[in-house]
Amino acid sequence: MIKKFFILFVSVNLIAESIVIDGNLDEPEWQTAFKITEFYESDPYTLRKTDDETEAYIFSNEDGIYVGFINYQDESTMLSNRTMRDEMSSLSEKNSINIDFDGDRTKAYIIAVALGDSLFDAIKIQSGDFKTDWDGDWIAKTKKFKTYWTSEFYLPWNMVPMNQPNDKKRTINYSALRYKASEQAWYSSAGTMAMRARYFQNLDSLEIDNFTKSKFNFFPYFAFNKNSPQNFEESNIGAELFYNSGKGNQVNFTINPDFGQAESDDVIVNFSAQETFYKEKRAFFTENQSLFDISNYERYSIINTRRIGAAPSYNCSEELNKEDCINARKNYSDIDFSMRYTQKNGKNNYGVFLAKESDEDFSKGREFVALRGKTKVNSKTLGYMITNVENDFLGTKSTVNVFDFINVKSEKLTTYADVLTTKKEGESGKGLRLQYTYKPTQLTRNSGSILYFDKEVRLNDFGYLKRNDWFHFGIGHNIKKVDFENNSPFQQIDTNYDFNYDADTDGNSNPIDFNQKNSITFTDTSKFNYDFRFKTSGKNTTITRKDPLYPFVKIKKNFSVTADFEEKNFKYWTYDWRISFDKSSKYDEWDSNGYQKRFFKIAGSLFPNENIKIRSEFRVKKEKEWLNWIDGNHLAAYDLNQRIFSFNLNWFKGTKHEIRLKSQFIALEAKNPVSLETNSNGVLFSSEKLVNPFSNGITSFQVRYRYEIAPLSNVYLVYTKGGNVYEEDDERSFSDIFRDPWENPDNEIFSLKVRLKF
């Protein structure tokens with residue numbers, strides 16, 4: 001009975017197709033497909049016609065779009081190291097198809113497979129951001145032969161929301177790509193890569209047969225979690241519903257969702273006033289989210305879905321039930337439901353996003369709403385979005401309005417603009433981004449940006465803002481050199497010049513930053529980078545947390561140099577290292593020797609076979625006169641010594657079984673403190689206030705096993721252990737600092753999760 005159910009389940013989950021996706025391009029349909037034979041080296045950006053023979057094929061039928069590749073290469077030179085999804089190895093041959101399904105050059109999907117069947121997908125949007133959060137419902141297979149290898153893709157019509165043309169033909173923009181691991185080079189049919197400024201304009205166009213196909217998926221799940229140190233157990237059952245009409249509209253809905261992460265975040269030590277930005281890793285929030293993505297790298301994002309399900313607000317000050325309140329506190333919120341609806345109608349796009357957290361005994365869940373509209377008029381794309389968050393527990397309401405604009409003014413010039421307003425607790429704030437990219441030639445690029453966020457801007461209820469009370473002006477120039485003699489050791493040299501000016505809205509200027517970075521790629525595929533940076537004297541406008549009486553601390557001029565080296569990739573191993581040195585002038589008002597920082601990193605990867613990857617990394621950072629805020633106008637300067645060790649292992653058994661070990665251990669010592677105070681003019685001077693040395697140990701350890709029942713149907717077994725031990729005035733050794741959080745963890749969690757697709 002169980003066997004019959006399993007066979008039926010797998011059958012339901014297999015995508016109906018006219019040909020078998022197995023890496024064999026022997027079906028008659030391939031003989032009628034559109035054929036591509038000309039490829040150009042696009043990374044390094046020489047644009048020379050490649051000598052490596054490659055054939056790509058594209059055709060469509062009522063089921064979807066099919067793409068096939070034949071890559072001519074001797075079997076002895078083929079590399080196929082498997083990785084987790086979206087973690088493509090440089091030691092694997094790859095094929096990729098980049099497709100703008102609507103042909104409007106505003107969004108493209110990056111679909112790639114490595115030899116060995118590791119998958120990668122991402123979304124490239126017009127504003128320049130490159131998002132790997134999205135995981136699409138597509139399949140691909142590869143196969144080796146003696147003199148070539150192949151890849152075969154199936155992209156169903158309902159994989160993404162698409163506009164429906166008025167006739168039976170669809171015009172897509174595309175680029176077919178091949179990566180050759182031994183040369184670490186990408187070959188593209190369109191002579192472009194997703195990270196290039198003129199990417200959308202350089203894509204080729206192709207008219208294909210168009211069909212409409214709807215899709216309905218049901219994702220039930222079961223999850224169990226047990227946290228031993230907190231003596232906590234929890235079981236959840238929920239479901240997600242997905243519907244794509246095939247006519248441009250799509251709905252995602254979830255009840256009692258499983259928003260727990262199956263993968264831990266990297267540990268980042270952050271003593272600054274600025275919040276660390278973490279990427280979204282939860283499946284529901286990465287699907288069909290690009291319409292709502294208004295962001296500028298990690299400076300700001302109007303919607304940061306990591307806010308949903310974050311730790312709730314508590315008030316445990318009341319004597320009645322105080323102990324119960326403290327014991328009930330959690331670092332996450334349960335969620336009642338979430339829904340996302342998007343509609344594509346010609347050049348117009350609309351979307352609605354809703355989420356509601358659960359109420360608890362000592363807290364109340366928040367409500368999140370976002371409405372989005374976007375349209376394209378000739379070369380211009382205009383959009384508007386409004387978000388609202390209601391927090392009944394705190395009695396607050398936060399609203400954000402955003403107007404965004406992109407103008408592809410010419411083949412060389414693109415301009416961007418975001419204008420936003422916020423309102424919370426009667427305070428209104430304003431923000432602005434202006435940006436341009438200009439490419440006078442294929443090998444040169446100029447850029448500039450202005451950002452302004454006043455003191456009252458509030459984005460962090462639903463979004464993310466690195467800092468408010470901020471004015472930024474930056475310009476940059478990039479030039480590539482690829483025309484070397486045949487016997488030259490250089491393959492490509494990138495040179496970047498950047499100038500950045502930052503200040504608060506009162507005109508208090510941060511150090512002005514001048515930066516030159518050179519990146520050299522050698523013909524043996526090794527890489528060397530060196531970076532020179534000079535910062536003028538200025539004012540640190542965030543270290544005192546914007547205290548109205550002490551709004552900044554004066555900072556001395558600073559010079560730094562950094563060097564990176566990445567050895568050429570060998571078949572079974574590779575390594576890389578980084579060194580850097582910073583130095584600034586002495587302070588006159590206290591017994592200062594001047595700031596100094598030294599940093600060193602050594603890392604290596606080992607590939608015993610194509611199914612195992614081991615990577616280890618060790619980092620050391622030493623700082624003299626490291627400034628840290630205590631409270632008010634009280635600061636301290638320490639001798640900082642930080643060591644970080646990480647060890648990661650990925651093991652794959654075919655395409656169904658995957659084990660990942662991810663660990664990070666941090667030991668930090670802050671010794672020989674000098675107590676300091678600052679006055680209203682930002683001048684530091686000696687203080688008699690008490691300040692102690694301290695140590696901080698952090699452990700993050702996770703072992704995850706995943707079994708893929710069928711595409712998008714998985715079983716996870718996860719063990720997570722983590723801790724943070726902070727001690728003042730302590731003489732612990734580094735070994736003790738590493739060991740203590742392991743022996744005294746904050747959490748030790750066992751998780752089981754089953755997620756099925758019907």
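The values are calculated or read from the model by the stated rules, or taken from the named source; none is laboratory data. Just so it is clear, the structure is predicted and the values come from calculations on it, not from any experiment. When we count neighbours, we look across all protein chains shown, and the Cβ atoms used for this are built from the backbone with ideal geometry, even at glycine.
Of all residues in the range 298-312, exactly one satisfies the criterion of being at pLDDT below 85 and either polar (S, T, N, Q) or farther than 23 Å from PHE232 by Cβ (or both), namely GLU298. For the range 392-417, the set of residues classified as surrounded by 19 or more Cβ atoms within 10 Å (Cβ to Cβ), of a type outside the set (A, V, I, L, M, F, W, C) and over 15 Å from TYR438 (Cβ atoms) consists of SER398, ASP404, listed by residue number. You will find that of GLU617, GLU589, GLU566, GLU610, the residue that is at pLDDT 95 or above, of a type in the set (Asp, Glu) and on the phi < 0 side of the Ramachandran plot is GLU617 and no other.
Could we say that LYS397 is in contact (Cβ under 8 Å) with a residue 12 or more places away in the chain, among the charged types (D, E, K, R) and under 30 Å from ALA197 (Cβ atoms) here? No, not satisfied. Which members of the range 399-442 meet the condition of being closer than 14 Å to VAL457 by Cβ and polar (S, T, N, Q)? Those that are closer than 14 Å to VAL457 by Cβ and polar (S, T, N, Q): THR399, ASN401, THR421, THR422, SER428.
Within the range 216-228, the presence of at least one residue that is touching a strand residue (DSSP E or B) at 6+ places or on another chain (Cβ under 6 Å), outside any strand (DSSP E or B), at pLDDT 80 or above and not assigned by TED's automatic domain parsing to the domain that holds ILE111 is confirmed. For the range 641-680, filtered to residues that are under 19 Å from SER700 (Cα atoms) and of a type in the set (D, E, K, R), the residue that is surrounded by the most Cβ atoms within 10 Å (Cβ to Cβ) is GLU669.
Among strands (runs of 3 or more DSSP E) entirely within the range 121-210, having at least 2 residues that are of a type in the set (S, T, N, Q) and surrounded by fewer than 17 Cβ atoms within 10 Å (Cβ to Cβ) singles out no element at all.
Scan the range 477-500 for residues that are surrounded by 17 or more Cβ atoms within 10 Å (Cβ to Cβ) and within 28 Å of GLY429 (Cβ to Cβ) and jot them down. Correct list: ASN500 only. Among what's in the range 450-492 and is free of Cβ contacts under 8 Å to residues at least 60 places away in the same chain and aliphatic (A, V, I, L, M), pick the residue that is nearest to ALA185 (Cα to Cα). In this case the residue turns out to be ILE479. Among strands (runs of 3 or more DSSP E) entirely within the range 568-655, having at least 2 residues that are out of contact with any Asp or Glu (no Cβ under 7 Å at 6 or more places or on another chain) and among the acidic types (Asp, Glu) singles out 612-631.
Only a single criterion out of (1) crowded, with 19+ Cβ neighbours inside 10 Å; (2) within 30 Å of PHE353 (Cβ to Cβ); (3) at pLDDT 95 or above is not satisfied by LYS535, namely (2). Within the range 71-94, does at least one residue satisfy the condition of being free of Cβ contacts under 8 Å to residues at least 40 places away in the same chain, farther than 28 Å from GLN31 by Cβ and surrounded by 19 or more Cβ atoms within 10 Å (Cβ to Cβ)? Checking the range 71-94: at least one residue is free of Cβ contacts under 8 Å to residues at least 40 places away in the same chain, farther than 28 Å from GLN31 by Cβ and surrounded by 19 or more Cβ atoms within 10 Å (Cβ to Cβ).
Remark: pairs (first residue in the range 352-372, under 30 Å from GLU323 (Cα atoms) and surrounded by fewer than 17 Cβ atoms within 10 Å (Cβ to Cβ); second residue basic (Lys, Arg) and at pLDDT below 95; Cβ separation under 7 Å; 6+ apart in sequence or on different chains) = GLU367/LYS356.
Residues are listed down the side, and each one gets a yes or a no for (1) touching a Phe, Trp or Tyr at 6+ places or on another chain (Cβ under 8 Å); (2) closer than 18 Å to ASP293 by Cβ; (3) outside the structural domain of ASN158 (by TED's automatic domain parsing):
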position	(1), (2), (3)
ALA310	yes, no, yes
SER317	no, no, yes
ASN345	no, no, yes
ASN349	no, yes, yes
SER358	no, no, yes
ASP361	no, no, yes
LYS376	no, yes, yes
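The set of residues in the range 144-170 that are among the polar types (S, T, N, Q), over 18 Å from ALA112 (Cβ atoms) and either in contact (Cβ under 8 Å) with a residue 12 or more places away in the chain or touching a Pro at 6+ places or on another chain (Cβ under 6 Å) (or both) comprises THR147, ASN158, ASN163, GLN164. For the range 317-331, the condition of being surrounded by 20 or more Cβ atoms within 10 Å (Cβ to Cβ) and within 25 Å of the chain's Cα centre (by Cα) holds for none of the residues.
Candidates GLU617, GLU625, GLU610: the one that is farther than 30 Å from THR83 by Cβ and not polar (S, T, N, Q) is GLU625.
Cβ separations smaller than 7 Å between residues 6+ apart or across chains give the following pairs from the range 229-248 residues that are more than 28 Å from ILE749 (Cβ to Cβ) to residues that are assigned to a loop (DSSP other than H, G, I, E, B) and among the small types (Gly, Ala, Ser): ASN244/SER214; SER245/SER214; GLY246/SER214.
Filtering the range 731-755 to residues that are closer than 30 Å to LEU241 by Cβ and crowded, with 19+ Cβ neighbours inside 10 Å leaves ILE749, SER751, LYS753, ARG755.
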